[in-house]
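Below: one structure, written as structure tokens.
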Amino acid sequence: MRKNNRYEMIFIPTNYGMIKIYIYGFKPYGSWGQVVASMNDLSVNAKGYNRKRTIVKALALLNESLLNMKEE
């Protein structure tokens, strides 16, 4: 993946804050990419070849991290 300024952003509003998802790469089809999901001051990073699966993986990692923070 070349480092450039092209990326996509998805914003998901929740009751606890705004989830921001930044999607880099995945073009051309089949190339790897990177997804960064962040909420408040917590962010997680996921890399993969399948765009949709990587977005879901990043959201799952973010959810797991948020749940671990609440338990502590």
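The values are calculated or read from the model by the stated rules, or taken from the named source; none is laboratory data. Because the structure is predicted, anything quoted here is derived from the model rather than measured. Using ideal geometry, Cβ is built from the backbone for each residue, glycine included, and neighbour counts are taken over all protein chains shown. What goes into the accessible areas is simple: the full protein's heavy atoms, side chains included, and nothing from ligands, DNA or RNA. Shrake-Rupley method; radii C 1.70, N 1.55, O 1.52, S 1.80 Å.
Evaluate the charge dipole of the chain about its Cα centre and quote only its size in Debye, nearest 20, assuming +1 on the Cβ of each Lys and Arg and -1 on the Cβ of each Asp and Glu. Please list the in-between numbers first.
Numbers: 11 positive and 5 negative charges, 120 e Å.
Using only the charged Cβ atoms, the result is roughly 580 debye.
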- Message: Please compute the alpha carbon radius of gyration of the chain, then divide it by the globular-protein estimate 2.2 N^0.38 Å. Two decimals is fine.
- Response: 1.15
- Which of Met39, Val56, Met69, positive extreme of dipole for the chain (C-beta unit charges): Val56
- Message: Run the helix sum for the chain: -39,500 (n - 2.57) per DSSP H stretch of 4+ residues, divided by residue count, reported at 222 nm to the nearest 500 deg cm²/dmol.
- Response: -10000 deg cm²/dmol
- Query: On average, how much accessible surface per residue is there in the chain, in Å², for a 1.4 Å probe, leaving out ligands, DNA and RNA?
  - Reply: 79 Å²
- Item | Lys pairs, the chain - Cα-Cα below 24 angstrom, 8 or more residues apart or on other chains | 14
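Once neighbouring chains are kept in place and the probe is 1.4 Å, which whole percent of the accessible area of the chain is contributed by carbon and sulfur? Walk me through the intermediate numbers first.
Working: 2990 of 5690 Å².
Result for the chain: 53 percent of the exposed heavy-atom area is carbon or sulfur.
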